[in-house]
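Student: Can you read through this structure? Questions will come right after.
The values are calculated or read from the model by the stated rules, or taken from the named source; none is laboratory data. All values derive from a computational prediction rather than experimental measurement. As a convention, Cβ positions derive from the backbone with ideal geometry for all residues, glycine included, and neighbour counts pool all protein chains shown.
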């Protein structure tokens with residue numbers, strides 16, 4: 001390679017390295033800007049902050065509070081009602097089909113083998129009465145037995161004038177044995193007596209029960225063996241309904257339960273049956289379990305194969321706490337209701353509810369008699385709680401940062417005859433330090449209430465502009481008999497304006513509550 005060629009090669013290589021370095025630097029800088037802009041890796045300030053505040057939340061957290069003015073409550077259409085009790089009547093709807101009652105099935109069999117010379121039942125579905133002739137069979141064995149019976153009768157007749165007592169006795173025994181043999185084969189007495197005059201001896205088979213022919217297994221002229229089934233009858237005066245109930249509803253079904261049945265074949269009529277049996281296995285395709293309902297069938301109007309609608313009726317044994325369906329917000333992971341507190345305060349409360357009954361839900365846990373829940377407008381309240389993550393106004397942001405001055409002591413607030421008077425020491429609170437919260441609770445008679453459960457909650461609303469979620473701390477107050485007040489101790493994590501919520505509960509109900517604002521420095 002010449003000197004000039006080396007220079008050209010070196011210049012080309014250097015240029016390529018420089019271009020590659022510029023491209024790598026550009027891509028690295030772009031990546032860093034993308035990472036810096038990502039909210040998941042943004043710098044977090046160190047301080048007292050609720051855990052999980054920056055993570056994804058599954059709906060509103062229980063205990064979240066929202067404060068609304070009277071105008072906002074009216075604009076949101078908020079309606080409130082007190083929790084009550086009721087004896088619920090639930091109904092589970094299911095589709096079913098009419099089936100033959102297995103306990104009412106009967107089979108008609110041939111007692112002897114032979115040829116079906118005459119068949120009186122011509123088609124499936126025909127109704128048969130007990131004792132009705134079904135078929136005439138010709139059996140060589142029966143023909144031979146009838147001939148033996150005829151000869152035994154002639155022999156006995158000839159020996160009637162004989163002096164041989166033993167011979168006459170044997171002749172009578174032979175006749176009786178021949179007759180008994182025919183009877184065991186199902187040959188009726190009138191057929192036995194007519195055997196001597198009959199041309200071709202036949203055996204007539206009679207129906208042993210009444211019912212509808214659901215299966216015919218023989219045709220005229222067919223040869224059948226002894227014990228072979230000729231017909232299957234079903235008594236359809238009572239039918240079975242097999243209703244398919246979803247597995248999650250099975251816990252509400254029990255034996256003996258009332259079931260209302262409607263069908264297109266019975267317009268305007270409702271029949272009532274009872275659950276007799278629940279099958280021990282589920283259909284893997286539909287995830288349903290067949291439930292047997294026994295039902296009277298007046299006029300035989302319900303026929304096997306028909307489809308019906310079943311309503312399983314369940315009545316509660318006693319009254320339970322209930323709330324309307326509209327009061328419950330289902331977030332997917334929990335069920336939330338909003339409790340109405342005094343002075344426009346609404347608190348999210350998690351509840352557990354049972355199966356719905358009409359428009360009511362039974363409350364398993366989370367509420368007590370006397371609680372007031374939001375029926376309408378709770379969706380707007382919940383939306384505001386999730387947007388602001390705290391005590392913010394429905395139309396315009398946080399009230400706590402709207403220029404309101406903090407108060408040294410909350411004004412006395414009455415509820416259900418009780419009165420709360422609150423103050424703090426020191427005032428303003430010491431941020432990050434120990435503080436005391438003093439609560440005086442007196443009843444309507446002016447005497448101090450010493451057996452209540454008093455809580456003091458500090459709430460600082462969210463500030464989205466500062467990327468700060470809601471902060472909340474609750475403290476239980478202890479009764480101090482010497483001072484006739486409740487005292488709670490706690491810290492305000494950071495300086496700022498805090499909302500204070502004081503609540504007194506007794507016998508699972510709120511007897512008094514109040515809220516105010518206080519500053520921490």
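Student: Scanning for something out of contact with any strand residue (DSSP E or B) (no Cβ under 9 Å at 6 or more places or on another chain), buried (at least 17 other Cβ atoms within 10 Å of the Cβ), at pLDDT below 85 and not assigned by TED's automatic domain parsing to the domain that holds residue 249, does the range 328-336 turn up at least one residue? Steps first, answer last, please.
Tutor: Taking the range 328-336 as the starting set, the residues that turn out to be out of contact with any strand residue (DSSP E or B) (no Cβ under 9 Å at 6 or more places or on another chain) are 331-333.
When the remaining residues are screened for being buried (at least 17 other Cβ atoms within 10 Å of the Cβ), the result is none.
There is no residue in the range 328-336 that is out of contact with any strand residue (DSSP E or B) (no Cβ under 9 Å at 6 or more places or on another chain), buried (at least 17 other Cβ atoms within 10 Å of the Cβ), at pLDDT below 85 and not assigned by TED's automatic domain parsing to the domain that holds residue 249.
Student: Being within 11 Å of residue 242 (Cβ to Cβ) and either touching a residue at least 60 places away in the same chain (Cβ under 8 Å) or not in a strand (DSSP E or B) (or both) is the requirement here; does residue 289 meet it?
Tutor: Working: within 11 Å of residue 242 (Cβ to Cβ): yes; either touching a residue at least 60 places away in the same chain (Cβ under 8 Å) or not in a strand (DSSP E or B) (or both): no.
The answer is no for residue 289.
Student: Let me ask something additional. Filter the range 301-326 down to the residues that are within 30 Å of residue 105 (Cβ to Cβ) and assigned to a loop (DSSP other than H, G, I, E, B) and list them by number.
Tutor: The first filter runs over the range 301-326 and keeps only residues within 30 Å of residue 105 (Cβ to Cβ), leaving 301-313.
The answer is 301, 302, 303, 304, 305, 306.
Student: Considering the range 327-372 alone, what residues qualify as being part of a strand (DSSP E or B), touching a residue at least 60 places away in the same chain (Cβ under 8 Å) and more than 19 Å from residue 383 (Cα to Cα)?
Tutor: Answer for the range 327-372, where residues must be part of a strand (DSSP E or B), touching a residue at least 60 places away in the same chain (Cβ under 8 Å) and more than 19 Å from residue 383 (Cα to Cα): 357, 360, 362, 363, 372.
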